[in-house]
1. Just to check your reading of the model, which residue among SER78, SER100, SER82, SER72 is more than 24 Å from ALA302 (Cα to Cα), of a type outside the set (A, V, I, L, M), outside the structural domain of LEU278 (by TED's automatic domain parsing) and under 23 Å from the mean Cα position of the chain (by Cα)?
2. For the structure I just gave you, tell me whether ILE281 is among the β-branched types (Val, Ile, Thr) and crowded, with 24+ Cβ neighbours inside 10 Å.
3. Please work out if LYS200 is within 23 Å of the chain's Cα centre (by Cα), more than 16 Å from the ligand (Cβ to nearest atom) and in a helix (DSSP H, G or I).
4. Filter the range 169-191 down to residues that are modelled with pLDDT under 95 and within 16 Å of the ligand (Cβ to nearest atom) and give me whichever is farthest from the chain's Cα centre (by Cα).
5. What is the residue count in the range 305-319 for residues that are more than 16 Å from the ligand (Cβ to nearest atom) and closer than 14 Å to PRO132 by Cβ?
6. Scan (1) at pLDDT 95 or above; (2) within 15 Å of the ligand (Cβ to nearest atom) for the single condition GLN247 breaks and write down its number.
7. List pairs: first residue in the range 212-241 and over 20 Å from THR142 (Cβ atoms) and in a loop (DSSP other than H, G, I, E, B), second residue within 16 Å of the ligand (Cβ to nearest atom) and not hydroxyl-bearing (Ser, Thr, Tyr) anywhere in the structure, Cβ distance under 7 angstrom, at least six positions apart or on different chains.
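The values are calculated or read from the model by the stated rules, or taken from the named source; none is laboratory data. Only a predicted model underlies this, so the values are computations on that prediction, with no experimental measurement involved. Virtual Cβ from ideal backbone geometry, glycine too; neighbours counted across all protein chains shown.
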Amino acid sequence: MNSKKADIYAVQLSLSSSAYILKFRHAFGIAHGTRNTTDTLLVKATLNGVTGYGEAALPPYLGYDVKVLCNSFGEYFSDLPSGMDGIQTVLRMIINSNLSIPSPIRCATDIAIHDLCGRLTGMPVRKLLEIPDAKDVRCSFTLGISSVDEMLEKIKETEGFTLFKHKLGGDNDRERILAFKKATNASFCVDANQGWHSIKEAATEINFLTEQGCLFVEQPLPVAMNKQLNELRDKIKLPIILDESIQRLSDLMDLAPYCDGINIKLVKCGGLASAKELMRIAKRSGKKVLIGCMSESSCGAAAASELSGWADWVDLDGPLLIDNDPFSGVSYKNGMIVQHETPGLGIDPIAVI
Ligand code: MG
């Protein structure tokens, strides 16, 4: 064994967490309400002087308090073995914990460990995960619920994006869609965030959207109406992608017959390893896969983008929606995330975290 390897096996893996408040560039409106900030949980994993970073953004509807998560963080990963054994132990704990470790802690820690492993081995995380490079996977730009004028201003600020995601469930949905169609030739999809409360209302709105050229509809009905989705699907022609309804693998198994695809977010499933498994099973079941985010910084978006090679669409514009990103390294070109060749996630901290 050479001396470098001996060093790594002797040193202790160190994990730490911190809270950070992401500030939106514009107020962000969805069917759950409008907000100006999002709390996010950041995790650092350090071994032998090399640090990996992870994140789990916490929009209020998830119901987590970032300070409570930070205060309890140390309880979950104590007495770790040294060196690479510590890394393997943490990944095993995350996979096997089921729900005993809160999902945001699993997510941010899993991402930090993958970033660390990439940095230690000199490989981009997607190569570690054996996910192919993404080719021509369009990234959508999100347009929240707002006035028509605000929406048109936001479109002017985007450059190169050819796919937009409209958040619906406001009182001017149709007005915004018609104004969007007049302003641009770009494609669009929609996310109702459970905002339609009957089959009739959802079918009426979706059939209007079909006439306007919409590509797919995300989460049209409340989670409580999951088993009524086929009644809706019989009345419409657009693919239904489920987000809030599918949090984990067991939900996918249960709801596969009721949808056409799934929105996979790292914070929902608890990190990259679980997300990869969910994607594999979704694709095998013939489902479309959208890789989504929770208005994360570049850290969470970079991690999710490592899975792009297996995705049909990616919705990872979070870094573009905030103005105090604590990381650099994510860039967009021609409406797609640029895939990096640097070790780990390809990001670097630019704020004290
Ligand atoms: Mg969604």
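1. On the way: SER78 fails: under 23 Å from the mean Cα position of the chain (by Cα); SER82 fails: under 23 Å from the mean Cα position of the chain (by Cα); SER72 fails: under 23 Å from the mean Cα position of the chain (by Cα).
When all the criteria are applied, what remains is SER100.
2. No; evaluated as a whole, the condition is false for this residue.
3. Values: within 23 Å of the chain's Cα centre (by Cα): no; more than 16 Å from the ligand (Cβ to nearest atom): yes; in a helix (DSSP H, G or I): yes.
So LYS200 fails the test.
4. GLY170
5. At the first step, the residues of the range 305-319 found to be more than 16 Å from the ligand (Cβ to nearest atom) are 305-310, 319.
Right, trim to closer than 14 Å to PRO132 by Cβ and you get 305-310.
Count: 6.
6. Going through the list (1) at pLDDT 95 or above; (2) within 15 Å of the ligand (Cβ to nearest atom), GLN247 breaks only (1).
7. Going by the 7 Å Cβ cut-off, the qualifying pairs are LEU221/GLN194; LEU221/TRP196; LEU221/ALA202; LEU221/LEU229; PRO222/GLN194; ILE236/ILE206.
Quick grid of which residues meet (1) touching a strand residue (DSSP E or B) at 6+ places or on another chain (Cβ under 9 Å); (2) over 18 Å from GLY195 (Cβ atoms); (3) among the β-branched types (Val, Ile, Thr):
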residue	(1), (2), (3)
GLN212	yes, no, no
PHE216	yes, no, no
LEU232	yes, no, no
LYS235	no, no, no
LEU266	yes, yes, no
ALA275	yes, yes, no
GLY309	no, yes, no
VAL314	yes, yes, yes
ILE322	yes, yes, yes
